[in-house]
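Q: Below is one structure. I have some questions about it.
The values are calculated or read from the model by the stated rules, or taken from the named source; none is laboratory data. These numbers were taken from a predicted model, which means no experiment stands behind them. Don't worry about glycine lacking a Cβ; one is built from the backbone with ideal geometry, like all the others, and counts go over all protein chains shown.
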Amino acid sequence: MKGYTIEIRFGIVAVDKGFITAEQLIEALRTQVMGDIDQREHKLIGTILLEMGLVTNAQTDEVVKELVKKNKSETAGRP
């Protein structure tokens with residue numbers, strides 16, 4: 001598809017790096033959605049995973065660096 005891009009997300013990178021399982025990501029997403037439904041403060045998946053004790057601060061930093069790197073490479077060729 002012309003112009004189609006896939007947005008890489010924190011949780012996907014964390015799974016790809018082996019920091020969490022797909023099931024753990026789904027549980028974190030469930031927690032995020034339920035918080036939104038209950039009109040609590042929106043939390044980022046990385047924050048939820050940290051609070052659940054599933055990732056460390058160092059792992060979170062590594063995922064964010066990977067996201068920045070991927071974002072730069074994807075936008076490098078755009079006008």
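Q: Among the listed residues Thr60, Thr56, which satisfies the condition of being of a type in the set (Val, Ile, Thr), buried (at least 16 other Cβ atoms within 10 Å of the Cβ) and modelled with pLDDT of 95 or more?
A: Thr60
Q: Additional query: Given the conditions (1) charged (D, E, K, R); (2) exposed (fewer than 14 other Cβ atoms within 10 Å of the Cβ); (3) modelled with pLDDT under 95, which single one is not true for Glu66?
A: (2)
Q: Take the stretch 14-26 and flag every residue that is surrounded by fewer than 16 Cβ atoms within 10 Å (Cβ to Cβ) and not β-branched (Val, Ile, Thr).
A: Matches in the stretch 14-26: Asp16, Lys17, Gly18, Ala22, Glu23.
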